Amino acid sequence: MSTAKSSPRHPMPEQPPLIRAKNFEEVPQGYTPEMAIAEAKRCLQCKNPMCVQGCPVGIDIPKFIYHIAQGNFDKAIGKIWERNSLPAVCGRVCPQEIQCEGKCILGKKGEPVAIGNLERFAADWERAHQVCQLPVCEACTGKRVAVVGSGPSGLTVAGDLILKGHSVTIFEAFHKPGGVLVYGIPEFRLPKEIVAAEVSCLQAQGVQLECDAVVGRTVSIDELFAEGFDAVYLGVGAGLPKFMSLPGENLVGVLSANEYLTRANLMKAYLFPQVDTPIPRGSHVVVLGGGNVAMDSARTAMRLGAEKVSLVYRRSRAEMPARQAEIHHAEEEGLHFELLANPVRYLGNDQGRLTGIECVRMELGEPDASGRRRPVVQPGSEFVIDCDLAIVAIGSGANPLLTNSTPDLPLNKWGYIVAQPETGKTGKKGVWAGGDIVTGAATVILAMGAGRKAADSIHEYLTWGW
Amino acid sequence: MFTIVKREEMADGTVILNEITAPKIAVKAQPGQFVILKANENGERIPLTMAETDPEKGTITVIYMVVGKSTELFKSLKVGDTYQNIIGPLGRPTHIEPGKNIICVGGGTGVAVLHPIAKGMKKAGCTVTTIIGARNKDLLILEDKMRQASHELHVCTDDGSYGRKGFVTEVLKEKLEAGGVDQVVAVGPVPMMKFVSLMTKEYGVPTMVSLNPIMVDGTGMCGGCRVTVGNEIKFGCVDGPEFDGHQVDFDELILRLRAYNEEERLSHERCKCEGKDHEHC
Ligand SMILES: Cc1cc2nc3c(=O)[nH]c(=O)nc-3n(C[C@H](O)[C@H](O)[C@H](O)COP(=O)(O)OP(=O)(O)OC[C@H]3O[C@@H](n4cnc5c(N)ncnc54)[C@H](O)[C@@H]3O)c2cc1C
Ligand SMILES: Cc1cc2nc3c(=O)[nH]c(=O)nc-3n(C[C@H](O)[C@H](O)[C@H](O)COP(=O)(O)OP(=O)(O)OC[C@H]3O[C@@H](n4cnc5c(N)ncnc54)[C@H](O)[C@@H]3O)c2cc1C
Ligand code: SF4
Ligand code: SF4
Ligand code: FES
């Protein structure tokens, strides 16, 4: 075992930075079966596996890795599916460094097992070979569940409840299902074909999907009950773009990341004019923020042909909340970091178009409530970055469209739905909620975890009552 | 399926009416609300106001001016053809106070947006005086419908080819001078709404305008539709589309509507010079 401990982690082949920075194809290209087996053999098969504690849905990580090491890929995917219905997605987008891999014992001295890469491998292998049987649904219960929103949490609830024999309909406001997985996360990080495959799998199991249905407008929650639904799950995400209320924010060329990424991903505007939706192509693009959304926006801008893309972030690199892999990829692709800087106003011309952003320098002071050192303005440090496109990626809030139309649904002071952490039950009878609309913008796997708990609770309710 | 059951051309073929089956939307829609339409897989999401709804038949009617690539594509759709997606009803319904003395002012295709509002107000017991205008006689739309939806109708054309010669604002001024007006509703090209609002401000008459910023989702998710109203940022799709005309920053809206001019021109030209059938370009 000691030799295994010291062996280096097998990197996943990637498109070279200078090539990939000009296309929308996926950056990491996946393990070959040989690489996957070799990487799986690094796992120590711990008796008390720390990695499992780091996974929010508790996948039996050593077991599935064992099956890969043995070349039994079908058994590996079966093991993962017991806890996670979207492994091809999670293997790609989980922040593994703070979850499963962050806890792996091998990481104490060297590099942790590439758990995410292996999970992705097993899922991709199954999608290509289709050897596993879809799980069989239990006998029909005659109960009907409405799932509002088709992001990871809604999909999880739908998948769990259809297996339990309930009839499930997903209502999605957009014309395509998948939530952030289709409108936010770009193709080069999560090919849309994968999300579509997961959704058609659910449909094959009997889940009904109604797109173009804006609950709160097209139909209200109470009308869903009146139509005969017995329970409603709200997984509507945190779809409200935040702006900073700076002077000049409405200049042409200042976009929210939500708008920019929705144009690029959902509307496929990077193919414009082959498709009809346009997207602004800046020559110097500035992205404001330091999370995954900021990285995705910046890397999209590069692929749309920007000469220079700068990321303005008010703290230092160590505090950036984005996945480490994405920061690293973005840097390799040529992203320019303007750290410890904060915008104060946008500058424009007489056509109302953006020409630059005035920023100030920051320094790190005492730690704040989040434990990160609080950035403080350095007086007199103003400077201007010339740019023709600015993408605001400083976070998102609770979209009030649905909640405003449901006055008897209790919310917290920021407008998020109040739900019991263990069950997802809200203050309105027959209604559950989970994912970003309860926790605020978080992660795919946490949204799925919330969906799983709510599905259990909904099943209990449909069997025994509220 | 969102099937076109009726199609009409108006104003010399520059304005098109489509009546479309959309039963769920038809039963919910109220005056002032809009839908977003997407014709096919590669299509853009285009917001259009519902000019009429028929809950019994399960249809909605949109009336749109052909201005660019997507409306050109919509124009090519025939009776029996379908839109791939229609989303709605979106936006806040018109706030109607019964029993008021209202002047409705409409210009160009704005008249189509104005029609359900005027109709709703008349139904609620308001006295509705309507002033509609167009550049010339051929471009005038919905005259008969507006006559039915109003107690009094005035028609203006810029060139005097029909009705009174001049701008709608001239008739409006006379009415404001006469007094007794509780509210003005103005829908039309942005400059028109701007001038109406400037005028009514002088007379201290509350004025509602319906704004048409560029939109993507129509649900408050992207912020692309932001407009400045009373120095605050509002989202046209969820806070509007109707706003207090005295508070709106129209100049900013005009600039923001030009955001994609260059791209739209390219897209439109590409389509034309390739000589393709619009359905496939
Ligand atoms: C650009 C970007 C990159 C990200 N990168 C990562 C990453 O690398 N790793 C990671 O773990 N997490 C990442 N996240 C976060 C993660 O995507 C979210 O936490 C997760 O998607 C939340 O899932 P959800 O199911 O709660 O909601 P969402 O995925 O937001 O889905 C909600 C769905 O509900 C629909 N909806 C909203 N309102 C209504 C309504 N009224 N009626 C009907 N439908 C409605 C929406 O259209 C949407 O489809 C990223 C987020 C963004 C925006
Ligand atoms: C809530 C709402 C309701 C609307 N209702 C109607 C209606 O009932 N009838 C109708 O004819 N139009 C209506 N519009 C305007 C309509 O959406 C636009 O004319 C349409 O999007 C233009 O698309 P296009 O691809 O054909 O033209 P494009 O090629 O996109 O643009 C052509 C020209 O129109 C301008 N333009 C682009 N988008 C818009 C926009 N959203 N509004 C105004 N001008 C725009 C461009 O700057 C350009 O000069 C409404 C808009 C909104 C936001
Ligand atoms: S679901 Fe995410 S956290 Fe869990 S094992 Fe997979 S990659 Fe790790
Ligand atoms: S902690 Fe690491 S080495 Fe141990 S079982 Fe988990 S993945 Fe394998
Ligand atoms: S259209 Fe996206 S927020 Fe209004």
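Quickly run through segment A:33-59 and pick out the residues that are among the small types (Gly, Ala, Ser), over 24 Å from A:Pro191 (Cα atoms) and either near ligand 4 (Cβ under 10 Å from one of its atoms) or more than 21 Å from the chain's Cα centre (by Cα) (or both).
A:Ala38, A:Ala40, A:Gly54 - these are the residues of segment A:33-59 that are among the small types (Gly, Ala, Ser), over 24 Å from A:Pro191 (Cα atoms) and either near ligand 4 (Cβ under 10 Å from one of its atoms) or more than 21 Å from the chain's Cα centre (by Cα) (or both).
Scan segment A:104-115 and tell me whether some residue there is part of a helix (DSSP H, G or I), surrounded by 16 or more Cβ atoms within 10 Å (Cβ to Cβ) and more than 23 Å from the chain's Cα centre (by Cα).
yes
Condition check ((1) more than 14 Å from chain B (Cβ to nearest Cβ); (2) in contact (Cβ under 8 Å) with a residue 60 or more places away in the chain; (3) more than 17 Å from A:Gly159 (Cβ to Cβ); (4) within 12 Å of ligand 3 (Cβ to nearest atom)) across all residues:
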site	(1), (2), (3), (4)
A:Lys47	yes, no, yes, no
A:Cys55	yes, yes, yes, yes
A:Ile59	yes, yes, no, yes
A:Pro62	yes, no, yes, yes
A:Gln70	yes, no, yes, no
A:Gly78	yes, no, no, no
A:Arg83	yes, no, no, yes
A:Val93	yes, yes, yes, yes
A:Gly107	yes, no, yes, no
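Among the residues of segment A:60-75, is any more than 16 Å from ligand 1 (Cβ to nearest atom), under 24 Å from the mean Cα position of the chain (by Cα) and surrounded by fewer than 20 Cβ atoms within 10 Å (Cβ to Cβ)?
Within segment A:60-75 (the criterion being more than 16 Å from ligand 1 (Cβ to nearest atom), under 24 Å from the mean Cα position of the chain (by Cα) and surrounded by fewer than 20 Cβ atoms within 10 Å (Cβ to Cβ)), the answer is yes, since at least one residue qualifies.
For the list (1) outside any loop (DSSP other than H, G, I, E, B); (2) under 27 Å from B:Glu252 (Cα atoms); (3) modelled with pLDDT of 90 or more, I need the number of the one condition that B:Val205 fails.
It is condition (1) that B:Val205 fails.
Do any strands (runs of 3 or more DSSP E) lying entirely in segment A:153-247 carry at least 2 residues that are hydroxyl-bearing (Ser, Thr, Tyr) and touching a strand residue (DSSP E or B) at 6+ places or on another chain (Cβ under 8 Å), and which ones are they?
Per the criteria, A:167-171.
Where in segment A:354-466 are there helices (runs of 4 or more DSSP H), lying fully within it, with 2 or more residues that are assigned by TED's automatic domain parsing to the domain that holds A:Phe225, closer than 21 Å to A:Gly291 by Cα and within 16 Å of ligand 5 (Cβ to nearest atom)?
Answer list for segment A:354-466: none.
Condition first: closer than 12 Å to A:Ala390 by Cα, of a type in the set (D, E, K, R) and not assigned by TED's automatic domain parsing to the domain that holds A:Glu101. Can you find one or more residues in segment A:287-296 that meet it?
no
With A:Leu311, A:Leu347, A:Leu354 as the choices, which residue is of a type in the set (A, V, I, L, M), under 19 Å from A:Leu255 (Cβ atoms) and in contact with a helix residue (DSSP H, G or I) (Cβ under 7 Å, 6 or more places away or on another chain)?
Testing whether each residue is of a type in the set (A, V, I, L, M), under 19 Å from A:Leu255 (Cβ atoms) and in contact with a helix residue (DSSP H, G or I) (Cβ under 7 Å, 6 or more places away or on another chain) leaves just A:Leu311.
With respect to the numbered conditions (1) under 19 Å from the mean Cα position of the chain (by Cα); (2) not assigned by TED's automatic domain parsing to the domain that holds A:Asp388, which one is the sole condition not fulfilled by A:Asn258?
Single failed check for A:Asn258: (2).
Quick one: A:Leu255 ticks every box in (1) among the aliphatic types (A, V, I, L, M); (2) more than 10 Å from chain B (Cβ to nearest Cβ); (3) closer than 23 Å to A:Ala341 by Cβ; (4) not in a loop (DSSP other than H, G, I, E, B) except a single one, so which number is it?
(2)
Looking at this structure, is A:Glu319 charged (D, E, K, R), over 23 Å from A:Tyr270 (Cα atoms) and free of Cβ contacts under 8 Å to residues at least 60 places away in the same chain?
Answer is yes for this residue.
From the set of residues in segment A:258-295 that are β-branched (Val, Ile, Thr) and within 11 Å of chain B (Cβ to nearest Cβ), which is farthest from B:Glu263 (Cα to Cα)?
Across segment A:258-295, the extreme among qualifying residues is A:Thr262.
Within 14 Å of chain A (Cβ to nearest Cβ), within 26 Å of B:Val216 (Cβ to Cβ) and touching a Gly at 6+ places or on another chain (Cβ under 7 Å): is that true of B:Leu90 in this structure?
yes
If A:Leu209 passes every condition in (1) surrounded by fewer than 24 Cβ atoms within 10 Å (Cβ to Cβ); (2) facing another protein chain (nearest Cβ under 7 Å) but one, which one does it miss?
(2) is the only condition that A:Leu209 fails.
Say whether the condition of being in contact with a strand residue (DSSP E or B) (Cβ under 9 Å, 6 or more places away or on another chain), assigned by TED's automatic domain parsing to the domain that holds A:Arg92 and assigned to a helix (DSSP H, G or I) is met by at least one residue in segment A:30-41.
For segment A:30-41, residues in contact with a strand residue (DSSP E or B) (Cβ under 9 Å, 6 or more places away or on another chain), assigned by TED's automatic domain parsing to the domain that holds A:Arg92 and assigned to a helix (DSSP H, G or I): absent.
The values are calculated or read from the model by the stated rules, or taken from the named source; none is laboratory data. Everything numeric here is computed off the predicted structure, so don't read it as measured data. Every residue, glycine among them, receives a Cβ derived from its backbone with ideal geometry; neighbour counts consider all protein chains shown.
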